[in-house]
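The values are calculated or read from the model by the stated rules, or taken from the named source; none is laboratory data. Worth saying up front: this structure is predicted, and the values here are computed from it rather than measured. A quick note on method: Cβ atoms are made from the backbone with ideal geometry, for glycine too, and the neighbour counts reach across all protein chains shown.
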Amino acid sequence: MSKIKLVKAKIKHSKKVFLWRNEPNTIPWMASKQAIKFEDHNEWYKKAITDSNCMLFIICYDGEEVGQIRYNIDKTLGKKVARVSMNITEEMQGKGIGSVAFELGLQNVKASKFAEKVQVRVHEVKEGWIRSMEKIGFKRSGFTKVHGERQLVLIG
Ligand SMILES: CC(C)(COP(=O)(O)OP(=O)(O)OC[C@H]1O[C@@H](n2cnc3c(N)ncnc32)[C@H](O)[C@@H]1OP(=O)(O)O)[C@@H](O)C(=O)NCCC(=O)NCCS
């Protein structure tokens, strides 16, 4: 699906990333499970797009901005291991965009030498999504607790 592209996130995308983050079907899957205020989001966002340990991309489908994918180097995991977090706006979910964006992002962070490995934490109920990540070579590497909740860890 060549209609899918990742572009480097800029300050102009802040509002959209905020709105996607607070969509009802995304909130439950985010670490804090709460809607966040724009002011708090915007402070966080400004740091994220300038932080050398973070790569934040906007996912575009046919020229339209539809979601975000973000990599943060987690030094507790190793100098070159990035944790990934992503979300697609609700009306565009389930169309294959996430799988392609996930693979494009992986290629990008590895080719740019930002990270050698990528870790994802995901709720076990997301079986279809876990299968998609396994299809591109991600391996299960145990469980962790995020805000008291058990999550599956995969590395790729
Ligand atoms: C998880 C997410 C990024 C997947 O992107 P997507 O574009 O919807 O996924 P795709 O269309 O490429 O489908 C990939 C697999 O995910 C599954 N999937 C799609 N939408 C889903 C959803 N809303 N919830 C759970 N699984 C979903 C599909 O079943 C598919 O597997 P299958 O077709 O082999 O059964 C996207 O649904 C999303 O942003 N969800 C809300 C936020 C979230 O859960 N983020 C955490 C990800 S670790």
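Provide a single number: the residues in region 25-41 that are over 17 Å from V84 (Cβ atoms) and part of a loop (DSSP other than H, G, I, E, B). First the steps, then the outcome.
Our first condition is that a residue be over 17 Å from V84 (Cβ atoms); within region 25-41, this holds for 25, 27-28, 32-41.
Still in the running and part of a loop (DSSP other than H, G, I, E, B): 25, 32-37.
Final tally of qualifying residues: 7.
Conditions first: (1) surrounded by 15 or more Cβ atoms within 10 Å (Cβ to Cβ); (2) among the charged types (D, E, K, R); (3) touching an Asp or Glu at 6+ places or on another chain (Cβ under 7 Å). R70 passes all but one, so which condition is the exception?
Of (1) surrounded by 15 or more Cβ atoms within 10 Å (Cβ to Cβ); (2) among the charged types (D, E, K, R); (3) touching an Asp or Glu at 6+ places or on another chain (Cβ under 7 Å), only one is false for R70: (3).
Given the options E116, E134, name the one that is of a type in the set (D, E) and within 18 Å of S52 (Cα to Cα). Don't jump to the end; show me each part of the working.
Details: E134 fails: within 18 Å of S52 (Cα to Cα).
None of the others qualify; the one that does is E116.
I'd like to verify a number: residues in region 78-91 that are surrounded by 16 or more Cβ atoms within 10 Å (Cβ to Cβ) and of a type outside the set (S, T, N, Q), how many?
6
Quickly run through region 71-101 and pick out the residues that are in contact (Cβ under 8 Å) with a residue 60 or more places away in the chain and either over 20 Å from V122 (Cα atoms) or of a type outside the set (A, V, I, L, M, F, W, C) (or both).
Matches in region 71-101: N87, T89, E90, Q93, G96.
Would you confirm, using the coordinates I've provided, whether V109 is in a helix (DSSP H, G or I) and away from the ligand (no atom under 13 Å from the Cβ)?
Working: in a helix (DSSP H, G or I): yes; away from the ligand (no atom under 13 Å from the Cβ): yes.
Answer is yes for this residue.
So which of I136, I97 is among the hydrophobic types (A, V, I, L, M, F, W, C) and surrounded by fewer than 16 Cβ atoms within 10 Å (Cβ to Cβ)? Step through it out loud before you land on a result.
Values: I97 fails: surrounded by fewer than 16 Cβ atoms within 10 Å (Cβ to Cβ).
After applying the criteria, what remains is I136.
If I filter region 112-133 down to residues being exposed (fewer than 13 other Cβ atoms within 10 Å of the Cβ) and over 24 Å from K33 (Cβ atoms), which single residue comes out as farthest from the ligand (Cβ to nearest atom)? If you could, list the steps in order and put the result at the bottom.
Taking region 112-133 and keeping what is exposed (fewer than 13 other Cβ atoms within 10 Å of the Cβ), we get 112-113, 116, 124-125, 127-128, 131.
Within this subset, residues satisfying the condition of being over 24 Å from K33 (Cβ atoms) are 112-113, 116, 131.
Details: S112: 22, K113: 24, E116: 20, R131: 5 Å.
Among them, the one singled out is K113.
For region 10-24, which positions are over 16 Å from T89 (Cα atoms) and part of a loop (DSSP other than H, G, I, E, B)?
Keep residues of region 10-24 that are over 16 Å from T89 (Cα atoms), which gives 10-12.
Hit for region 10-24 is K10, nothing else.
Tell me whether region 62-76 contains one or more residues that are of a type in the set (A, V, I, L, M) and touching a Lys or Arg at 6+ places or on another chain (Cβ under 7 Å). Outline the logic, then answer.
Just the residues of region 62-76 that are of a type in the set (A, V, I, L, M), to begin with: 66, 69, 73.
In the following step, the residues that additionally are touching a Lys or Arg at 6+ places or on another chain (Cβ under 7 Å) were identified as none.
Looking through region 62-76, none of the residues is of a type in the set (A, V, I, L, M) and touching a Lys or Arg at 6+ places or on another chain (Cβ under 7 Å).
Condition first: of a type in the set (G, A, S) and near the ligand (Cβ under 6 Å from one of its atoms). Now tell me which residues in region 82-102 satisfy that. It would help to see each step written out before you state the result.
Looking only at region 82-102, we keep the residues that are of a type in the set (G, A, S), and these are 82, 85, 94, 96, 98-99, 101.
G94, G96, G98, S99 - these are the residues of region 82-102 that are of a type in the set (G, A, S) and near the ligand (Cβ under 6 Å from one of its atoms).
Name, by its number, the condition in (1) without any contact (Cβ under 8 Å) to a residue 60 or more places away in the chain; (2) β-branched (V, I, T); (3) farther than 18 Å from I4 by Cβ that does not hold for I136.
Every listed condition holds for I136 apart from (3).
Which of the residues belonging to region 29-62 are small (G, A, S), in contact (Cβ under 8 Å) with a residue 24 or more places away in the chain and surrounded by fewer than 13 Cβ atoms within 10 Å (Cβ to Cβ)?
Of region 29-62, the ones small (G, A, S) are 31-32, 35, 48, 52.
When the remaining residues are screened for being in contact (Cβ under 8 Å) with a residue 24 or more places away in the chain, the result is 31-32, 48.
Passing the criteria: A31, S32.
Being modelled with pLDDT of 95 or more, within 16 Å of the ligand (Cβ to nearest atom) and in contact with a Phe, Trp or Tyr (Cβ under 9 Å, 6 or more places away or on another chain) is the filter here, so list the residues in region 23-40 that pass it. Can you show your working first?
Here is the first cut: in region 23-40, the residues modelled with pLDDT of 95 or more are 23, 37-40.
This time we only want the ones that are within 16 Å of the ligand (Cβ to nearest atom), so: 23.
Passing the criteria: none in range.
Tally up the residues in region 42-84 that are assigned to a loop (DSSP other than H, G, I, E, B) and not polar (S, T, N, Q), please. Before you say what the answer is, go through the steps one by one.
From region 42-84, those assigned to a loop (DSSP other than H, G, I, E, B) are 51-53, 62-63, 74-80; that's our starting set.
Filter again for not polar (S, T, N, Q), leaving 51, 62-63, 74-75, 77-80.
Result for region 42-84: 9.
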